[in-house]
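Everything on this sheet refers to the single structure shown next.
The values are calculated or read from the model by the stated rules, or taken from the named source; none is laboratory data. Computed from a predicted structure; not experimentally measured. With ligands, DNA and RNA removed, areas are computed over all heavy atoms of the protein, side chains included. Shrake-Rupley method; radii C 1.70, N 1.55, O 1.52, S 1.80 Å.
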Amino acid sequence: MVAAAGELAAFADLPVPAAGTAQGDGVATGAAAAGVSAAASAAPGSTPLAREPPLDRLSSAISANEPVYLAFGNRYRRNARFQISFKYRFFNENGGLARDLPGLQGGLEHESNGREGLSSRSINTAFVRPTVKIGDPEAWHLTLGPKVYAYLDRTGNPDIALYRGHADLFASVGHPETWQFAATVRRGTGNAFGSSLLEATYPLRQVSLGNLDGYFYFQYFNGYGESILDYNRRLPAQLRVGFSITRWL
């Protein structure tokens, strides 16, 4: 269970000139949460339990969340997009609450394009994401993870719910040793507004005799709001190809 946990993600949509120097608008998203762990007390007369070093506790609580990738496409001109994403487990994984509610995530998320003046856009949301896995995780299996969120602040885009709505419908099917296919669909509260994101990954180790980690990454986006600045615009569909360090768990 990752209730009240946090996630920090960032991505940028960068136009790349012919010279190959990436430049352009940045988009950053993030969420944070903090928590404390309860230390087990040794019974009288028993050998005290060794306390886990703080850095070990921190490293065991932080893990990848959404895919970490860099991908390239061509819409009007060449462009690149990257995302960094991680999560922090707020509750002790051996505690009763985590055992009773496995797969539940929740927290706060901030998204901004990092610009100033009239081009500045940001939103803050609170979200909950239960996750269900169907099938053997070591073989082909299905993962369902709908994400429900409420807007806390909508600086510069008060009507964003018309285009993004209040929920992401997520599903993936895959095998840990071969392909994984994932889809994220949004439906805005306005008629005919929404978007779809399709992703596919394949392990590099399958074509490098086990010498490389990571994944081939393929992405297809269609709909409104690929970037927060263009949340109310529908640009042509975009196909990107690149490299992913992690993929959906």
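Give the carbon-plus-sulfur fraction of the accessible surface of segment 175-249 in %, rounded to a whole number; probe 1.4 Å, heavy atoms of protein chains only.
Of all accessible area on segment 175-249, carbon and sulfur atoms account for 60 percent.
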Calculated from backbone phi, Karplus (6.51, -1.76, 1.60) coupling profile of segment 136-145 in Hz, x at Gly/Pro: 7, x, 8, 9, 5, 8, 10, 10, 10, x
Segment 56-72-segment 126-149 distance, computed between alpha-carbon centres (Å): 17
Over segment 49-132, equivalent-ellipsoid semi-axes from the Cα gyration tensor in Å: 34, 16, 15
Estimated Rh, segment 126-249: Kirkwood, alpha-carbon pairs, angstrom: 16.0
Whole-number D in µm²/s for segment 207-249 (Stokes-Einstein; Kirkwood sum over Cα pairs; 20 °C, 1.002 mPa s): 170
